[in-house]
Protein chains: 4
Amino acid sequence: MTNLEAFARELRQFVAEREWAQFHDPKNLAMLLASEVGELVAEYRWVAGGAADEHSRAVDPRRRIADEIGDVGIALLLLCDRTGIDLLQAMSDKLERNRARYPVEASRGKAERPQPPKG
Amino acid sequence: MTNLEAFARELRQFVAEREWAQFHDPKNLAMLLASEVGELVAEYRWVAGGAADEHSRAVDPRRRIADEIGDVGIALLLLCDRTGIDLLQAMSDKLERNRARYPVEASRGKAERPQPPKG
Amino acid sequence: MTNLEAFARELRQFVAEREWAQFHDPKNLAMLLASEVGELVAEYRWVAGGAADEHSRAVDPRRRIADEIGDVGIALLLLCDRTGIDLLQAMSDKLERNRARYPVEASRGKAERPQPPKG
Amino acid sequence: MTNLEAFARELRQFVAEREWAQFHDPKNLAMLLASEVGELVAEYRWVAGGAADEHSRAVDPRRRIADEIGDVGIALLLLCDRTGIDLLQAMSDKLERNRARYPVEASRGKAERPQPPKG
């Protein structure tokens, strides 16, 4: 495995062989992503923030976390492939907007602020 | 932007300049990921499955979806960077396990089955 | 079981007997909620929208869905109990705001619109 | 507002007046729930666990958190109403199973363990 594009091709073939594209409309894939992220969140829910780095290095948790990260990444790539949205481009565009939204001087050492309620 | 590693470096610099690593323990990043995925799910919640591909191509929804995919990808890469888990390796390992778990002949044309309840 | 308050008391006792309040800060409980909702979402991810009502009535899926709904409700009540936020009051306040936000005439037959991107 | 059943009736009327039942199949409602929980998670993502109780009491965060809890509760009740699953019953059944699953003596002072990976 050398890069994202090569992996995306492997993934597309995996889906094609199983004839799973019929289940992979973007709505279903957004749900797949949400459920996989839920499993990743479950890994950390009882771990204190200050112990989360150490937890991520311990052998068994690390194996599970890597497993869930793999699931999340696969779900995200399936959605990108289905919608034709380039993941690297989407991230790069967003990072550029974030640079403008969070100027270095004004943002240094401050957590991004929570959004105001919309309702 | 040519590849994932180069983008991960840019992202690391973006975080370092703002001194945000202090907020980015893996637990917080898992929550960031969950909240960003929630916004992506919101994009599709009222769209019928059969209309989800078309919705993903319409100009305004596509811009919003790409924006949310960018956020989700960034959150996932931040978590990978913090934990030292290689995203491509994690996805590749998982795909290999999925090949064994879902043999082509037995899986063809069948949605992955929901898991049994654990409680 | 006759009402929400009585159940909340039972739940509080369940937690107290196990000395779990130490794990139940609001941040952890928000993560518990997210992970339980992820399991509920998993139940519907491969089901077509038009088949989701029928799926919810089939014996085995219904048992699993009720199980996940129970988990989600418990996580939500644990968070309400910990923060001292009254669930019925919070829902009632929100419904009142939604009445103003979505006037009957202007909203009839229209799905709530997705929010504009915030980034 | 005196109880859950009365609120569920108000909510049903709110939906009926706007003719929104057409959008509220269980799959869409599961997505609504996931997106609302994502907003609740966002409230706590940069707050340290040890500061999460205090954060929940501060005026502005508390208002936003109550607002998001209201949204989550409403989404959960909409799903219960659509599927005919009684929320109190589902929670009560689950609590009973949890009593068996986590005996007091064996569980005292221990966080529920994360689930083993399923893949």
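Derivation of every value follows stated rules applied to the coordinates shown; laboratory data play no part. Predicted, not measured: the structure shown is a model, and the values here were computed from it. Every residue, glycine among them, receives a Cβ derived from its backbone with ideal geometry; neighbour counts consider all protein chains shown.
Miscellaneous remarks
- Principal axis dimensions, largest first and in whole angstrom, of the protein assembly as shown by Cα: 60, 45, 44
- Residue among B:Val41, B:Val72, B:Val59 with the largest mean-square fluctuation in a Gaussian network model of chain B, springs linking Cα atoms under 10 Å: B:Val59
- Projecting 7 Å from Cα along the Cα-to-Cβ direction, the label point of B:Ala6 sits 1.7, 6.4, 6.6 nm from its equivalents in the other copies, listed shortest first.
- Beta carbon of chain C nearest to the axis of the rotation taking C to A, residue and angstrom distance: C:Gly38, 1
- For chain C, the calculated P(r), taken from all Cα-Cα distances in 10 Å bins from zero up to the bin holding the longest distance, is 11, 28, 35, 23, 3, 0 percent.
- At least 30 Å along the helix axis (C-alpha) and Kyte average at least 0.0, DSSP helices within chain B: B:59-83
- Distance violations [Cα-Cα > 28 Å] among D:Lys27/D:Lys94; B:Lys110/D:Lys94; A:Lys94/B:Lys27; C:Lys27/D:Lys110: B:Lys110/D:Lys94
- Summary for B:Arg62: label point 7 Å along Cα→Cβ; distances to the equivalent points in the other copies, ascending, 4.3, 4.4, 4.8 nm.
- Springs between Cα atoms under 10 Å define the GNM used for chain D, and in it the highest mean-square fluctuation of D:Pro103, D:Pro61, D:Pro26 occurs at D:Pro103.
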